[in-house]
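Quick notes on the structure that follows.
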Amino acid sequence: MENKRIIVTGGAGYIGSHTCVELIEQGYEPVIVDNFCNSSLDNVDAIEKITGFRPKVYETDITKNLSTVFKLSNILAVIHFAGLKAVGESCEKPMEYLRVNVGGTVNLLEHMNQANVKKIVFSSSATVYGDINPVPFVETMPRSAVNPYGSSKIICEDVIQIACKYQNVKAVALRYFNPINSHDSGLLPEKPIGRPNNIFPIIELSASKRRIMSVFGNDYDTPDGTCVRDYIHVCDLAIGHIKALEYLDKIDNGIFEAINLGTGRGMSVLQLIKGYEKAKKTNVFFEYAERRQGDIAVSYADASKAKKALGWKTKRKPI
Ligand SMILES: NC(=O)c1ccc[n+]([C@@H]2O[C@H](COP(=O)([O-])OP(=O)(O)OC[C@H]3O[C@@H](n4cnc5c(N)ncnc54)[C@H](O)[C@@H]3O)[C@@H](O)[C@H]2O)c1
């Protein structure tokens with residue numbers, strides 16, 4: 001396993017922990033770098049329970065000195081999840097988002113360069129398509145940000161492209177659509193520190209604690225008036241990272257590829273709620289609220305590049 005060591009920044013988080021499980025199951029050794037600002041060691045315990053292997057953990061900030069981590073031998077590649085991801089918060093603290101997301105990525109690429117590590121898979125986002133493109137979103141479309149979080153992802157992609165061009169790195173930026181759900185074991189629920197921002201933990205809270213969830217806007221130009229998103233099962237998303245690592249072995253240094261990870265189908269917020277109620281045989285308590293600034297009506301992927309380049313497509317129903 002040690003010959004297939006992968007540095008996983010943010011590996012204790014929601015998508016990172018699911019990817020660590022998949023990595024271990026595919027014979028890789030994930031090494032987690034995380035400051036636990038939005039996760040805990042519970043997820044590392046869960047990874048161990050599920051796979052029988054406990055990844056090495058470096059509790060450190062991605063913007064700080066990472067030379068101890070990069071002293072490890074046999075680092076095959078880096079998967080870079082660590083960062084801040086709350087859209088609303090990014091409007092309140094734009095510089096913090098740039099410092100962590102962009103500064104962290106620059107710092108990581110500097111350490112990779114010093115340690116001669118040339119492969120990186122980056123967590124980008126469908127948010128880079130902004131509000132200027134028609135659906136489905138294709139990787140060749142122009143990028144545009146509607147909030148500082150989106151800007152940080154666009155800048156990170158650009159920074160990584162510079163590393164490809166001038167540091168001989170090769171990279172895949174995976175543009176995730178909307179990951180939901182969790183590992184079948186039930187051991188890795190999406191469990192952010194503090195108030196959840198993503199829709200799935202909010203739905204779960206509304207069902208279990210009977211809190212009323214706000215559905216932002218029911219007057220969009222969509223079949224039922226609520227926003228439409230491309231919800232993807234997080235385990236499918238995790239597998240996409242393994243495929244991206246394999247793909248990096250096939251391309252030359254200097255190459256940067258952006259690839260969508262989505263189902264290619266849209267589902268409305270209301271459909272998601274109804275689907276959850278049916279799957280879990282429960283009720284979700286919700287009410288309609290005003291549209292939220294910065295939300296676009298419809299977002300879903302053109303998933304054909306992932307299929308062609310990575311040989312990947314979603315296998316699970318998101319809910
Ligand atoms: N969840 C989504 O809907 C979604 C969609 C598109 C893109 N993404 C991106 O995917 C990545 C992972 O998202 P997630 O949903 O798993 O989020 P998460 O918050 O669960 O995971 C991020 C992890 O990074 C860690 N982290 C944050 N800042 C750090 C820092 N400065 N130094 C070290 N560790 C730090 C957190 O503690 C956490 O464990 C993020 O980059 C996010 O922007 C997420």
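Output the number of the condition that Val87 fails; it satisfies all remaining conditions of (1) within 9 Å of the ligand (Cβ to nearest atom); (2) at pLDDT below 95. Only one criterion in (1) within 9 Å of the ligand (Cβ to nearest atom); (2) at pLDDT below 95 is unmet by Val87, namely (1). The C-beta contact set for region 53-65 (first residue polar (S, T, N, Q), second residue part of a loop (DSSP other than H, G, I, E, B), distance under 8 angstrom, 6+ apart or interchain) comprises Thr60/Asn35; Thr60/Leu66. Scanning region 262-316 for residues that are touching a residue at least 60 places away in the same chain (Cβ under 8 Å), under 24 Å from the mean Cα position of the chain (by Cα) and in a helix (DSSP H, G or I) yields Val269, Leu272, Ile273, Tyr276, Lys305, Ala306, Ala309, Leu310. Of all residues in region 173-182, none satisfies being among the hydroxyl-bearing types (Ser, Thr, Tyr), touching a Ser or Thr at 6+ places or on another chain (Cβ under 7 Å), buried (at least 19 other Cβ atoms within 10 Å of the Cβ) and over 24 Å from Thr105 (Cα atoms). Looking at this structure, is Ser206 under 20 Å from Glu290 (Cα atoms), part of a helix (DSSP H, G or I) and either among the polar types (S, T, N, Q) or modelled with pLDDT of 95 or more (or both)? For Ser206, the condition - under 20 Å from Glu290 (Cα atoms), part of a helix (DSSP H, G or I) and either among the polar types (S, T, N, Q) or modelled with pLDDT of 95 or more (or both) - is met. Of all residues in region 71-107, those that are part of a helix (DSSP H, G or I), more than 17 Å from Ala145 (Cβ to Cβ) and among the aliphatic types (A, V, I, L, M) total 1. Please go through region 55-70 and give me each residue that is in a loop (DSSP other than H, G, I, E, B) and either of a type in the set (Gly, Ala, Ser) or within 9 Å of the ligand (Cβ to nearest atom) (or both), ordered by number. Matches in region 55-70: Thr60, Asp61, Ile62, Thr63, Lys64.
Filtering region 7-19 to residues that are buried (at least 24 other Cβ atoms within 10 Å of the Cβ) and either assigned to a helix (DSSP H, G or I) or away from the ligand (no atom under 13 Å from the Cβ) (or both) leaves Tyr14, Gly16, Ser17, His18, Thr19.
Number of residues in region 158-196 that are outside any loop (DSSP other than H, G, I, E, B), out of contact with any helix residue (DSSP H, G or I) (no Cβ under 7 Å at 6 or more places or on another chain) and within 10 Å of the ligand (Cβ to nearest atom) equals 1. Of the residues making up region 20-38, those that are within 9 Å of the ligand (Cβ to nearest atom) and crowded, with 24+ Cβ neighbours inside 10 Å are Ile32, Val33, Asp34. Picking from residues in region 244-259 that are in a helix (DSSP H, G or I) and crowded, with 19+ Cβ neighbours inside 10 Å, the one that is nearest to the chain's Cα centre (by Cα) is Ala244.
Test Val57 against the criterion of being farther than 17 Å from Asp184 by Cβ, crowded, with 19+ Cβ neighbours inside 10 Å and among the hydrophobic types (A, V, I, L, M, F, W, C), and give yes or no. Against the criterion (farther than 17 Å from Asp184 by Cβ, crowded, with 19+ Cβ neighbours inside 10 Å and among the hydrophobic types (A, V, I, L, M, F, W, C)), Val57 does not qualify. Taken over region 1-52, the criterion of being out of contact with any helix residue (DSSP H, G or I) (no Cβ under 6 Å at 6 or more places or on another chain), farther than 28 Å from Ala86 by Cα and in contact (Cβ under 8 Å) with a residue 40 or more places away in the chain is satisfied by Met1, Glu2, Asn3, Lys4, Arg5, Lys49.
When region 131-158 is limited to residues that are in contact (Cβ under 8 Å) with a residue 40 or more places away in the chain and surrounded by fewer than 16 Cβ atoms within 10 Å (Cβ to Cβ), the one that is farthest from Glu257 (Cα to Cα) turns out to be Asp131. When the criteria are applied in full, Glu48 meets the requirement of being more than 15 Å from the ligand (Cβ to nearest atom), part of a helix (DSSP H, G or I), surrounded by fewer than 23 Cβ atoms within 10 Å (Cβ to Cβ) and modelled with pLDDT of 95 or more.
Within the bounds of region 197-210, is there any residue that is within 10 Å of the ligand (Cβ to nearest atom) and surrounded by fewer than 18 Cβ atoms within 10 Å (Cβ to Cβ)? Yes, that holds for at least one residue.
The values are calculated or read from the model by the stated rules, or taken from the named source; none is laboratory data. As the structure is a prediction and not an experimental result, all values here were calculated from the model. Reconstructed Cβ throughout: ideal geometry from the backbone, glycine too, with neighbour counts over all protein chains shown.
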